[in-house]
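Each remark here refers to the structure printed beneath this line.
The values are calculated or read from the model by the stated rules, or taken from the named source; none is laboratory data. Note that this is a predicted model, so its numbers are computed, not measured. Glycine also receives a Cβ, built like all others from the backbone with ideal geometry; neighbour counts cover every protein chain displayed. Only protein heavy atoms, including side chains, enter the accessible area calculation; ligands, DNA and RNA are left aside. Shrake-Rupley method; radii C 1.70, N 1.55, O 1.52, S 1.80 Å.
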Amino acid sequence: MYETKPMAPTDRHATPPATTALAHALSAAERGLAVFPLSRTKFPALRSPHHDDPVPTPCRGECGSFGHGVYDASSDPHQVRALFAAAPRATGYGIACGVPPYHLIGVDVDTKPGSTSSAALRELALRHLFSIPPTLVVITPSDGRHLWLSGPAGVAVPNSVSRLAPGIDIRGAGGYLVGPGSVTMHGVYRTAPGTGHLPPAPCPSALLRLLLPPPPSRRHARPGPDDQRGAGLVHFVRAAHQGQRNTRLFWAACRAHENGLGATLTTQLIAAALHTGLTEREARATIASAARLTATRSRA
Ligand SMILES: [Zn+2]
């Protein structure tokens, strides 16, 4: 994705694009964000030094050269200047996710007219009892929104596409966000009005849990945190009053299925539901509908 064609000259902008991109990148670096130059295609502007290697090199910058994409990112102004000096055709900059001090998590929501992603995010927030705190939001040229959130140290949030909900992508460890002020072939990235001064807000823990699926190897592991979580869900159902037993069972079954505990917990959830006075038939029907809903939601 290295550009070989020179930038088209523009009359209106006396400042070379790379200078403008550098200025924006430096101001992001000043806020502690690790940045690196991007080309108009939104890909790293610097060609890999291992480009011509016959065998792909798993180097993440250990060789000491620039050209390792997000692994070039730095918040040191001298390093940032050096990166942009090596990338005179850069028109934008990327911001590395998942690195100190913010451990940035990007929630990329498609907000084009007709998209249901914003509604899907609101629905997730309602179902999982979290709210998106005031935070910096970047508007993309395709009318998407990048919500910047801060994750806890030592937790690697994986990158994902439409896993949380259709049209919602997550940028986490090893990923990057196009910084505000960047110019791409599709247009300019800007901060949403009134959010540019905000730091990335801490990611709500309920949302963070949704972003951290248990790895497959842990799903059937026992004993472990999953078992404790499972016990919590069973207790939650057992302790239900008459008016809430079906909604509680439904909620617990959804969480169980989302976490790969559906099959493991079915018998215990039914037993807990019987304890509250539900019939086995009612309990099975509720658990089955939770399983169906969860399966639909988790499909990309
Ligand atoms: Zn290298």
statement: Of the residues in the range 156-197, those that are farther than 20 Å from residue 16 by Cβ, assigned to a loop (DSSP other than H, G, I, E, B) and among the hydrophobic types (A, V, I, L, M, F, W, C) come to 156, 157, 173, 192
query: Would you call residue 134 in a loop (DSSP other than H, G, I, E, B), closer than 19 Å to residue 205 by Cα and modelled with pLDDT of 95 or more?
result: yes
query: Which one of 17, 77, 44, 49 is within 11 Å of the ligand (Cβ to nearest atom) and either touching a residue at least 40 places away in the same chain (Cβ under 8 Å) or touching a Cys at 6+ places or on another chain (Cβ under 7 Å) (or both)?
result: 49
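State whether one or more residues within the range 264-272 are surrounded by 14 or more Cβ atoms within 10 Å (Cβ to Cβ), within 34 Å of the chain's Cα centre (by Cα) and on the phi > 0 side of the Ramachandran plot.
Quick first cut of the range 264-272, residues surrounded by 14 or more Cβ atoms within 10 Å (Cβ to Cβ) only: 264-266, 268-272.
Retained after the next criterion (residues that are within 34 Å of the chain's Cα centre (by Cα)): 264-266, 268-269.
Now narrow it down to the ones that are on the phi > 0 side of the Ramachandran plot: none.
There is no residue in the range 264-272 that is surrounded by 14 or more Cβ atoms within 10 Å (Cβ to Cβ), within 34 Å of the chain's Cα centre (by Cα) and on the phi > 0 side of the Ramachandran plot.
Right, residue 144: in the same structural domain as residue 90 (by TED's automatic domain parsing), open to solvent by less than 20 Å² (accessible area, probe 1.4 Å), farther than 30 Å from residue 250 by Cα and modelled with pLDDT of 95 or more or not? Break it down into steps so the answer makes sense when it comes.
Values: in the same structural domain as residue 90 (by TED's automatic domain parsing): yes; open to solvent by less than 20 Å² (accessible area, probe 1.4 Å): yes; farther than 30 Å from residue 250 by Cα: yes; modelled with pLDDT of 95 or more: no.
For residue 144, the condition - in the same structural domain as residue 90 (by TED's automatic domain parsing), open to solvent by less than 20 Å² (accessible area, probe 1.4 Å), farther than 30 Å from residue 250 by Cα and modelled with pLDDT of 95 or more - is not met.
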- prompt: Taking the range 59-74 as the search range and keeping residues that are open to solvent by 30 Å² or more (accessible area, probe 1.4 Å) and hydroxyl-bearing (Ser, Thr, Tyr), which one is nearest to the ligand (Cβ to nearest atom)?
  reply: 65
statement: Across the range 73-103, the tally of residues that are of a type in the set (Asp, Glu) and within 21 Å of residue 158 (Cβ to Cβ) stands at 0
